[in-house]
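Working notes, beginning with the structure itself.
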Amino acid sequence: MTERNKKHLPSVNGLWITIGSFDGVHLGHQELIHQLVDGSRRANTHSALITFFPHPAVYLRQIESPFYLTSPEEKEKLLLSTGIYSILTLHFDRAVSQQSPREFISMLYEQFHFSHLLLGFNFRMGAGQKGDIHLLEELGKEMNFSIQAIEPIKYHGHIVSSSRIRNHISNGDIQLANSMLGYAFSIKGEVVHGDGRGKHIGLPTANLKVWGKQLLPANGVYAAYTVIDNVRHPSVVSIGYRPTFYQSPTLQTIEAHILGFSGQIYEEQIKIHFIERLRREEKYDSVGELMEQIRKDIIDTKEILSNDKTSPDISLRS
């Protein structure tokens, strides 16, 4: 439970709130939060956001494969950067999943006495997903709070959603994903020791160990930025099983060749911002052929990044 280093939501009259999973904090989420923050300020009160971990879909569908666009810590940072006053993260479990919409909203209202509830256009909640906008409007009349549902944000005719963005990332369509996120998709992790092959062939790489539930882009090679101590470095990033060196898939690796960087960063936390996919993962007949391809990847990466205008950070819609 987070409220800018406090442990409770503010005790104020007329609190404005929203509820949702907010995985990725994409353009649709940003627009909703923008309206929430702006409206609460005009109403001379505070804004609060109630979210969940684990994601309800992960719990209800028992999803075990990597799923999340953002780790809980990264999601919190993104949300706080929007100007939201308070964040309350509820543990989603069997008890929460079986609450009726009335029980859940009543619990929130008894604790926080909010006056306005702002929601996404397709919001549903409670046991059996029976808590839609119409039911919440009826509860609002009983408890004396108003309901507002915002229209969906679209990109090239498609509604922006976390599930659509997950599909793009899983397919390697990073540019589409970034366009819907409003910033460059990223992963964060610890630099660990690999097998030393990159250094041996003259192309040292930073091997990244990430949160196991973090969704990764499709196997392949990407133009990216690696952030070390808040400085962005152009990088060629490879995700996959290194088929040129190994006959059968073993351990999937994330390797960043950081252009022009030679510092020692083992055991440090770094972040990779993905900009564009260069190619699929391929097997080469020799190390020489692989090296030649990597040299082309470096040239392509420099060109792509020199023209890149993707925001590395979240940017609220105005």
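Structure data summary
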read-out: Top-ranked residue of the range 35-56 - restricted to ones that are without any contact (Cβ under 8 Å) to a residue 12 or more places away in the chain and surrounded by 14 or more Cβ atoms within 10 Å (Cβ to Cβ), ranked as farthest from S170 (Cα to Cα); value: R41
read-out: Residue that is modelled with the highest pLDDT, among those in the range 121-135 that are assigned to a loop (DSSP other than H, G, I, E, B) and closer than 17 Å to Y59 by Cβ; value: R124
read-out: Every residue from the range 126-153 that is within 16 Å of A48 (Cβ to Cβ) and within 26 Å of the chain's Cα centre (by Cα); value: Q148
read-out: Test for E138: is it acidic (D, E) and part of a helix (DSSP H, G or I); value: yes
read-out: Total residues in the range 205-252, condition within 20 Å of the chain's Cα centre (by Cα) and of a type outside the set (G, A, S); value: 19
read-out: Filter result for the condition that a residue is surrounded by 14 or more Cβ atoms within 10 Å (Cβ to Cβ), in contact with a Leu (Cβ under 6 Å, 6 or more places away or on another chain) and of a type in the set (F, W, Y), over Y284, Y241; value: Y284
read-out: Scan of the range 224-258 for residues that are free of Cβ contacts under 8 Å to residues at least 24 places away in the same chain and of a type in the set (D, E), ordered by number; value: D229
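The values are calculated or read from the model by the stated rules, or taken from the named source; none is laboratory data. Here the structure is a predicted model, which is why all the values come from computation and not from measurement. Virtual Cβ from ideal backbone geometry, glycine too; neighbours counted across all protein chains shown.
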